[in-house]
Structure formats: structure tokens, C-alpha cells
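Encoded as C-alpha cells, the structure appears first; notes follow it.
The values are calculated or read from the model by the stated rules, or taken from the named source; none is laboratory data. Values in this document were obtained by computation on a predicted structure and should not be read as measured data. Virtual Cβ from ideal backbone geometry, glycine too; neighbours counted across all protein chains shown. For the accessible areas, the whole protein counts, side chains as well, though only heavy atoms, and no ligand, DNA or RNA atoms are used. Shrake-Rupley method; radii C 1.70, N 1.55, O 1.52, S 1.80 Å.
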Amino acid sequence: QVQLVESRGGLVQAGDSLRLSCVVSGGVFSGYAMGWFRQAPGKERDFVAAIRWSGGNIIYADSVKGRFTISRDNPKNMMYLQMNNLQPEDTAVYYCAAGVKWPVRDYRDLAYWGQGTQVTVSS
């Protein structure tokens, strides 16, 4: 059973940077897709970025392209989301997730989820 645990988010100001981490355990296979999604109050869970556990293929949502960077450290079983130039519209609960489908942009295609971590960006 794959288990995912996100690092603590936080409260930052517009223009600040923040890095989220996700610890992966339970056996993620090389073909797995790993992703970050976010959900603001009253909204659907939105795709942010995804990366293949092996091979390193990467995709981003247009809203974060150029500001966010997804990466993974396979030996450490870690995935990261570096978020730069954060804006108030980035405020959401951020989730890391894993699944077998690639490419993946729909949260319904991912089977395993972390508990989520709050990121709040003040203007």
C-alpha cells in the first residue's frame, strides 16, 4: 500500500517562495506517476504538476508554469514542489498523489493521496 505524507505548508506573503515535500513509502513502481494537486475552498481539486517516478517526464498546469518546479529524489523516496513567486490565488490545500496513469491531470486518475497541507499566500 502506497503511503504519502506531505510536509507542513505555511503562511507566506505574495512573491515569497515555499518548498513542499512528500515522503513516499509502500512501494512506488518505476512506472508510477506522481503529482501535486491543490484544492481551494469551494472549488474542485486542481492539477498542479506531475512527474514520472522513473524517466522524469514532467507536466505543469499553465497557471504555475515558470513559477513551480516539481522534482523527485528516488533513492530518498521523496517528491518536491518548489513554489516561487507565490500569489494569493495559489492559496489552497496541496496534496501529493500517486497512480499508474500517465500523463495525469485529473485527480480521479490517482489512487493514492497524502493528507494535504495548507498553503496560504497573503497579498
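How many nm separate the modelled label positions at S30 and N77, each set 7 Å beyond the Cα in the direction of the Cβ?
For the pair S30/N77, the computed spacing is 1.9 nm.
Identify the residues of segment 97-123 with backbone N under 16 Å of a label point that sits 7 angstrom from the Cα of L11 along the Cα-to-Cβ direction, or state none.
Only 118-123 fall inside the zone, counting backbone N under 16 Å.
Keeping the other protein chains in place, figure out the carbon and sulfur percent of the accessible area of the chain, with a 1.4 Å probe.
About 46 percent, which is the carbon plus sulfur part of the accessible surface.
Which order do peptides 64-76, 94-106 fall in by mean Cβ count within 10 Å, highest first?
The peptides rank, most packed first, as 94-106, 64-76.
Heavy-atom accessible area per residue, segment 6-123, 1.4 Å probe: how many Å²?
Solvent-accessible surface per residue comes out at 49 Å².
Grab the beta carbon distance between D106 and N85, set R0 = 25 Å, and tell me the FRET efficiency rounded to 0.05.
Between D106 and N85 the formula returns 0.40.
What's the ranking of 24-35, 1-12 by average number of surrounding C-beta atoms within 10 Å, highest first?
24-35, 1-12
What distance in nm lies between label points placed 7 Å from Cα along the C-beta direction at S63 and S21?
2.7
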